[in-house]
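Student: Handing you a structure now.
Quick note: the coordinates plus some simple rules give every number you see, no bench work behind them. If you're wondering where the values come from, they're calculated on a predicted model, not measured in any experiment. Here the Cβ is made from the backbone with ideal geometry for all residues, glycine too, and neighbour counts use every protein chain on show.
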């Protein structure tokens, strides 16, 4: 009896050492595994720059290479600072609405969860809390992987290349210029 391979067994795996993806090891696939071959081909096509269309459900399938860019970094700094301010002044450690960010508004700030820099409120949309990792990052104690490789909202891996907060926020970033939300 021949083995049927799952999509996970055929899907490419991120290799941080090479900052790329590796196709699965030696798989013996015969003609009777046309569904498995299709999954293998789709996994390979998802790695390409434009992705592919899933032959089963028609959904666009693509591995995205995400990075923390200027607006996201500045929004993170505001979130960390505002969270600390609320704890010190009000004793409030509740989630913060990202829509209140007064600087560089943008929907991509929520993607910082890919680096575990914040956690989402399970009951409310657009409400988040920064993590200790976020505090370490914005205060220059750590550098993070420059890229997160994301498929279907899930992180598959990270690049070995690192990026500091200052590099992400931009050389012109002045922490004193970040105000409190209106």
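Student: Starting from 0.36 nm per residue, how many nanometres of slack lie between residue 166 and residue 132 once their C-alpha separation is accounted for?
Tutor: Length gained between residue 166 and residue 132: 10.5 nm.
Student: If we sort 151-158, 88-95 on the protection proxy, mean other Cβ atoms within 10 Å, highest first, what's the order?
Tutor: Ranking the peptides 151-158, 88-95 by packing returns 151-158, 88-95.
Student: Extension gain residue 89-residue 123, at 0.36 nm per residue separation less the Cα-Cα distance, in nm?
Tutor: Additional length available on full extension: 9.8 nm.
Student: While we're on this one: Which value in nm describes the separation of the simple spin-label points at residue 174 and residue 57, placed 7 Å from the Cα toward the beta carbon?
Tutor: Roughly 4.9 nm, to one decimal.
Student: Which of rounded, prolate or oblate describes the range 66-177 when judged by the alpha-carbon gyration tensor and an a/c cut-off of 1.5?
Tutor: Because a/c hits 1.5 or more and a/b fails to exceed b/c, the range 66-177 counts as oblate.
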